[in-house]
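Inspection log for the structure reproduced underneath, given as structure tokens.
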Amino acid sequence: MSAYRRILLAIDLTEESTQVAACATALANAFGAELHVIHVIEPLSLAYGGDIPMDLSSVQEQIHEQAKSHLAEFANGLGVPAERQYLIFGRPESEIHRVAESGAMDLVIVGSHGRHGLALLLGSTANGVLHGASCDVLAVRVGASGNQAQG
Ligand code: AMP
């Protein structure tokens, strides 16, 4: 395996992001790689279709402002500068793929709950990122079952 140079850490800004980030920073340090951080905001219209008969733009704006400050706080805490922080609207899987490609990333790191059964059938973001990725993907196991990394 050649050394990783540009690592993209995808975070959903939940508490579990800290576990995934710990692995990402350790790897970035070990490889002397640049760490980039992405958070994707799923538009409410995408999440709920046209089912809600009200104007969601002010809610969406609030979500955007909150996510912006959370992402900046989180990424700054990791020592990742603003130009390597990406806050994007869209579907997480597609936008993570797009930024990984356009930014010539050679590793994407996501968290994985290692779900089984129905949740697995329905798919998770980690699965979605893995399928169709143009570079390596590392799924870091998060949640109650511990913090072991697996490829
Ligand atoms: P999930 O399958 O939604 O539980 O998410 C698993 C992992 O996918 C998270 O730990 C993140 O690494 C990544 N992820 C999920 N949602 C997002 C998002 N909106 N933006 C960036 N990464 C995400």
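Which of the GluC sites (Glu not before Pro) found in the range 12-101 are in a DSSP loop and have at most 11 neighbouring Cβ atoms, other than their own, within 10 Å? Mind dumping the intermediate values first?
Numbers: sites: Glu15, Glu16, Glu34, Glu61, Glu65, Glu73, Glu83, Glu93, Glu95, Glu101; in loops: Glu15, Glu16.
Those that pass, being in a loop and sparsely packed, are Glu15.
Ser57 sits with roughly 70 Å² accessible to a 1.4 Å probe, with DNA, RNA and ligands left out of the calculation. Sorted largest first by accessible area at a 1.4 angstrom probe radius, with every protein chain in place, the residues Asp12, Asp106, Asp55 fall in the order Asp55, Asp12, Asp106.
The values are calculated or read from the model by the stated rules, or taken from the named source; none is laboratory data. Just so it is clear, the structure is predicted and the values come from calculations on it, not from any experiment. Here Cβ is always computed from backbone atoms with ideal geometry, including for glycine, and neighbour counts include all displayed protein chains. All accessible areas refer to the heavy atoms of the entire protein, side chains included, with ligands and DNA or RNA removed. Shrake-Rupley method; radii C 1.70, N 1.55, O 1.52, S 1.80 Å.
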